[in-house]
Amino acid sequence: MSAAKPNQIESFYQEAEAKHLIPLWKVTAKLLPPEPQTKVLPYLWKWSDLRRMAYRAGDLVPIERGGERRVLAFVNPGLEGKYAATHTLWGAVQIVLPGEIAPCHRHSASAIRFIIEGSRSFTNVDGDKCVMSRGDLVLTPNWSWHDHGNESDQAMIWMDGLDLPLVNDLDGIFFEPYPQHKHPVTQVNGSEQKYGGAHLKPTWENPPATRSPLLNYKWEPTYDALKRIGEGPASPFDDVCFEYLNPNTGGPTLPTMSCCVQLIRPGVHTQAHRQVNSAVYHVFEGRGHAVINGQRFDWERGDFFVVPPWAWHEFANESKEEVILFSVQDTPVMQALGLYREEAYTENGGRQQVSGSFGG
Ligand code: GTQ
Ligand code: FE2
């Protein structure tokens, strides 16, 4: 190798730029950091704001074709210009007023709903009318027709979780409105009748592995499962934490999103760990706090918070009441690609030093 003169190098770089080329050695450190350098920030949204603003939106705007849904979505402050709770996940609250029907459509992004407030509402998924109450998890697997209706005399509010930012980044978004406002109902709670028996599945069907045949995971059996542990041992990082399963495969609810429900028993303060996936949490019951990358996040019933990829996090319930968290996580994506990792925090007895608190 002959010694290059500075101006030769400079003109080489200029030519590379003009020819739309990048010499790797100039950007190696940026492209191959030792561990993920996420822009996603931990953040907390308060239920008092979300609920008030959801009802306000109910007063101000009707649900119409084109707008499609009355949804207030989380915008992660680290992801400028992107409408996303984390780099892969959309999180939102949706309100449907008595008598309304949000018009039927389908899209290549998958969705989950976790019901926060109200009853006698439904999501009609490909003709299966899934009746929803507080604590139910309802799936709309990708490309399934869905409309939402409220047949009660009270507003209905739920959490939406979608893989929209991921599917968008993959340039995989397709969307189609149904020709009519609502889809005909062909069965009521049909998926639940066949697949709601938890450890049993019908022998006369052979559903595809990519789509859970169970669409409505009811709250009562979910809560039963959380309580069955009693005082027994559970996860040092998450306490009593269950993943909702596709009853046909034993895998996650959807190919891109895993849903979890966890009970943090009174007095439990978990150890910290970090995982390569990101998550959106909803505080279903109780009050407590999380420590995320050394920052303390205090939350109470109804709040939402985000745990970024590879962020240390631990949970604490210092109260005498149960804490129940619901979360949607992009874990299946990382697992499917062979990229899943997690690590336990070993210093300081497994707990982070707290350097500040959110909003404080
Ligand atoms: O309820 O169908 O939060 O299509 C975002 C996109 C909800 C829905 C969202 C959607 C929906
Ligand atoms: Fe939708």
Worksheet, complete the sentence: Computed, not fitted: 222 nm per-residue ellipticity of the chain from DSSP H runs ≥ 4 (each -39500 (n - 2.57)), nearest 500, equal to -5000 deg cm²/dmol
Worksheet entry | Probe 1.4 Å, protein heavy atoms only - accessible area per residue of the range 6-59 in square angstrom | 82
Worksheet, complete the sentence: To the nearest 10 degrees, the tilt of helix 219-228 (Cα long axis) against the first principal axis of the alpha carbons of the chain is 70
Fill in: Electrostatic dipole magnitude of the range 14-110 [Cβ: Lys, Arg +1; Asp, Glu -1; Cα centre; debye, to 20]
140
Worksheet item: With the Cα gyration tensor of the range 185-288 giving a ≥ b ≥ c as the square roots of its eigenvalues, does the rule (a/c under 1.5 for rounded; else a/b larger than b/c for prolate; else oblate) give rounded, prolate or oblate?
Response: prolate
Item to complete: State to the nearest 20 debye the size of the charge dipole of the range 169-277 about its Cα centre, where the only charges are +1 on K and R beta carbons and -1 on D and E beta carbons.
Response: 240
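Tell me the GluC sites (Glu not before Pro) within the range 68-148 that lie in a loop according to DSSP and have at most 10 other beta-carbon atoms within 10 Å. Write out the running numbers ahead of the final one.
Working: sites: E68, E80, E100, E117; in loops: E68, E80, E100.
Here the sparse-neighbourhood loop sites are E80.
Shape of the range 123-229 from its Cα gyration tensor (a ≥ b ≥ c, root eigenvalues): rounded if a/c is under 1.5, otherwise prolate when a/b > b/c, or oblate?
Details: a/c = 1.39, a/b = 1.27, b/c = 1.10.
In terms of gyration-tensor shape, rounded.
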Fill in: Cβ-placed point charges (K, R +1; D, E -1), dipole of the chain about Cα centre in debye, nearest 20
200
Worksheet item: With springs only between Cα atoms under 10 Å, which of D49, D128, D238 fluctuates most in a Gaussian network model of the chain?
Response: D49
Worksheet item: Given the options L32, L254, L170, which has the most mean-square fluctuation in a GNM of the chain, springs set between C-alpha atoms less than 10 angstrom apart?
Response: L32
Discussion item. As I understand it, the dipole of the range 191-316 uses +1 on the Cβ of Lys and Arg and -1 on the Cβ of Asp and Glu, about the Cα centre. Which of N277, I292, L245 lies farthest toward its positive end?
Written reply: L245
Discussion item. Counting heavy atoms of the protein chains only and a 1.4 Å probe, report the per residue accessible area for the range 190-329 as a whole number of Å².
Written reply: 41
Practice prompt. Measure out, as a whole number of angstrom, how far apart the alpha-carbon centroids of the range 83-150 and the range 199-239 sit.
Written response: 20
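Hey, could you grab the Kirkwood Rh for the range 135-194? Inverse mean 1/r over distinct alpha carbon pairs, Å, one decimal.
Values: mean 1/r = 0.0690 Å⁻¹.
Kirkwood hydrodynamic radius for the range 135-194: 14.5 Å.
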Discussion item. On C-alpha positions alone, give me the angle between the axis of helix 47-60 and the longest principal axis of the chain, in degrees, nearest 10.
Written reply: 70
Worksheet item: How much of the accessible area of the chain, in percent, comes from carbon and sulfur atoms when a 1.4 Å probe is used?
Response: 54
Worksheet, complete the sentence: In the range 170-276, taking the dipole from +1 charges on Lys and Arg beta carbons and -1 charges on Asp and Glu beta carbons about the Cα centre, the listed residue (P255, V188, N216) farthest towards the positive end is V188
Item to complete: Take the cross-link list K194/K218; K30/K82; K5/K30; K194/K227; K39/K82 and give me the ones stretching past 18 Å between alpha-carbons.
Response: K30/K82; K5/K30; K194/K227
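Classify the range 285-360 as rounded, prolate or oblate, taking a ≥ b ≥ c as the square roots of the eigenvalues of its Cα gyration tensor: rounded when a/c is under 1.5, otherwise prolate if a/b is larger than b/c and oblate if not. Mind showing how you got there, number by number?
Details: a/c = 1.96, a/b = 1.34, b/c = 1.47.
It comes out oblate by the Cα gyration axes.
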Fill in: GNM flexibility winner over the chain from M257, M156, M53 (Cα, springs under 10 Å)
M53
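The values are calculated or read from the model by the stated rules, or taken from the named source; none is laboratory data. Because the structure is a prediction, the values reported are computed rather than measured. No Cβ is skipped: glycine too gets one built from the backbone with ideal geometry, and neighbour counts run over all protein chains shown. Side chains included, ligands, DNA and RNA excluded: accessible areas come from the protein's heavy atoms. Shrake-Rupley method; radii C 1.70, N 1.55, O 1.52, S 1.80 Å.
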